[in-house]
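The block underneath contains the structure these notes are about, expressed in structure tokens.
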Amino acid sequence: MRCTPLSSERQNVISKKGTATWLWDVSAEKAGTVTLSVTVTASYEDTDTALFEQSPATAHAEVAAGPGDRFVWMKQAWRWISGAITSLGGLAVSVTAVITLAVLVTRRTPRAPGPEPGNDDTDADTNSPS
């Protein structure tokens, strides 16, 4: 079983009516019965001097796991890896599109001022103005 704290181990309670909340992420690696215990200790200010210690509060929990749950971490890792590859692929396509657009814009030659070709005021057969 794994137990990861989600809150600070030590919390200040200033008054008699003050409260504190502790949170943990508890996960089991296999099915069965697990025992959870917590001991609360009141310390003097920021020291290790214990003013009061409550006896452990204990609870039992049944953990049910499916037959394929031993490899959950592999499934989660694969989802993360495939998501990262997909994101990187999308980023690569976007960067390629931006670079292509930039190259096209810089290579575009501006038109020379003057009449457009094939639109002059002379007749091609007689070489005289029309």
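Just a few scattered comments:
- Any hit, the range 59-76, residues being touching a Leu at 6+ places or on another chain (Cβ under 6 Å), part of a strand (DSSP E or B) and at pLDDT 85 or above: yes
- When LYS17, LYS30 are checked against the criterion of being modelled with pLDDT under 90, under 30 Å from TRP73 (Cβ atoms) and assigned to a loop (DSSP other than H, G, I, E, B), a single residue qualifies: LYS30.
The values are calculated or read from the model by the stated rules, or taken from the named source; none is laboratory data. None of these values were measured; they are calculated from a predicted model. Methodologically, a virtual Cβ is constructed for each residue, glycine included, from the backbone with ideal geometry; neighbour enumeration extends over all protein chains shown.
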